[in-house]
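Engineer: After the C-alpha cells below, expect a handful of questions from me.
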Amino acid sequence: MLEKSMGISALMIALVTGNVIWGGTAVHAEEPNQVFTLDPMVVTATRTEKRDVDVPASTTILTSEDLKATGAQNLQVALGRVPGLVYKTFAPGGGAMGTMANEIAIRGVSNGTLIMLNGSPMNLRGKYFLDAIPIDSIEKVEIVKGGGSVLYGSEAMGGVINIITKQDFKNSVTAGVGNYGQQKYNATVNADKLSVGYNLEKWGNVDTISRSHDKGDKHTDMNSSHKNNLFLNYKINDNWNFLYNYFETNVKYDTWFDDGYKSVPKGGALQQNREYVTKQNLMQMTYQDDSVKGNFYYNQNKLMADGYTNYTTSGAYSGKMYDTDEKNRTYGADIQKKWEFGNKANLILGSSYQNEF
C-alpha cells in the first residue's frame, strides 16, 4: 500500500506541475517554449560519442559553467575540488612546488593519470602543468575514473582526464584584483575562423604556505607567482582545425629555519630559495567527419629551477647553488575510423604513434 500510494502521489505531482518524469529526464511543458534536459555526451571513455548513462565506466563531466561555479581561476584548482581527485602541490593558486609539476592522482593511484588536451596526451615524462590553463578557455572536461590502459596505454592506469577547449569564442576583456597581490587579466579576440586569447594570473607574497617540524620548526613563504597562457585557434573548414597553446609559469619560494632549529644562528635563518619556471608549447591539427577522426600533435616543455642553499635540512652550512634545466618533447598521431551496422552495433579501428624524448 505504501509503494502504491507513493506511485500515485508522484503521478499526481507530475500532472499538477506539468512535468513528465521519464528515465531521470525532466520535460517542462507548462510554457510555450519547452525546455528539454538531455543526457551529456561522453567521448573519452569509449572513443566514441555516447550518453554518460550508457558508458560502462565512472565518468564525470564538468562543463564550462561547472568549472566557473567552483570559483577557481585555473583548471588545477578546479579539479582539486572533484571527489576522487587529489593534486599534490598546495601553493596558492595551485602553483607547483618542489618537483616543478602538479600531478593529479585519481583514486589514490600516483603516476597513473593520463592528461589529454583535445584528445592529445600532455604527459611529458609524467609532467604536466594544469595551473596555467584558465577556466575561460575550456569547453568541458571529461574525467574517467579507473583503468583506461586498454584504450590509452600504461599512463592511464588510474584514469583519464580529457580537457576540451573552446573553438568558438566571444570578444571579451576582463580584469580583477584581490588580496595577497592577486591580479587577473584576460582578453579574447574572435575574427570569423580565427580566435586569439591571452590570460595572465599573478600572486604576490604569501607568508607561511607550509610548515614542518621534522628536526625543528621551519616554514616556506611564496614570494611571487606568474602564469601566462596564450592560445590561437583557427578553424580551417568544417573538418580541419588548428590549435596552438603556450603556457608559462614562474614561482619563487623562500624556506626559513625558525629560532631554535639545529645548528642555525639564533633568531633563525634563510635555509634556501628557489625559482621554478616552466614553459610548454602545444600544437594540434585535428580532422573529423562522420566516420573518421585524426589528431596530429607536437608538444614541448622546458623546466628550469635555480637558487641557492645556505643550510642542509640537518642545519649544517652548505652555501651551494641549485640549478637544473630539462627539456622534453613529444609528437604523434592518433587516427580512427568508425563503421556502423544498423542501430545496435558499430566497429572502430584505429592506429596511434608517439615519439617522446
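The values are calculated or read from the model by the stated rules, or taken from the named source; none is laboratory data. Keep in mind that this is a model prediction, so the values were computed, not measured. For neighbour counting, all protein chains shown are included, and Cβ atoms are generated from backbone atoms with ideal geometry for every residue, glycine included. What goes into the accessible areas is simple: the full protein's heavy atoms, side chains included, and nothing from ligands, DNA or RNA. Shrake-Rupley method; radii C 1.70, N 1.55, O 1.52, S 1.80 Å.
Engineer: Determine, yes or no, whether H226 is under 29 Å from Q272 (Cα atoms) and surrounded by fewer than 17 Cβ atoms within 10 Å (Cβ to Cβ).
Structural biologist: Working: under 29 Å from Q272 (Cα atoms): yes; surrounded by fewer than 17 Cβ atoms within 10 Å (Cβ to Cβ): no.
Taking the combined requirement at face value, the residue does not satisfy it.
Engineer: Of the residues I106, I115, which single one is touching a helix residue (DSSP H, G or I) at 6+ places or on another chain (Cβ under 8 Å), open to solvent by less than 10 Å² (accessible area, probe 1.4 Å) and at pLDDT 75 or above?
Structural biologist: Values: I106 fails: touching a helix residue (DSSP H, G or I) at 6+ places or on another chain (Cβ under 8 Å).
Only one candidate qualifies: I115.
Residues checked against (1) at pLDDT below 90; (2) buried (at least 19 other Cβ atoms within 10 Å of the Cβ):
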| position | (1), (2) |
| --- | --- |
| D259 | yes, no |
| K262 | yes, no |
| G267 | yes, no |
| Q284 | no, yes |
| G294 | no, no |
| Y308 | no, no |
| Y311 | yes, yes |
| S314 | yes, no |
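Engineer: Considering only residues that are touching a residue at least 40 places away in the same chain (Cβ under 8 Å) and of a type in the set (S, T, N, Q), look in segment 274-299 and name the one that is farthest from K127 (Cα to Cα).
Structural biologist: It comes out as S291.
Engineer: Every residue in segment 152-178 that is in contact with a Gly (Cβ under 9 Å, 6 or more places away or on another chain), farther than 16 Å from S137 by Cβ and modelled with pLDDT of 85 or more, please.
Structural biologist: V160
Engineer: Among what's in segment 168-218 and is open to solvent by 50 Å² or more (accessible area, probe 1.4 Å) and free of Cβ contacts under 8 Å to residues at least 12 places away in the same chain, pick the residue that is farthest from G93 (Cα to Cα).
Structural biologist: Here the answer is D192.
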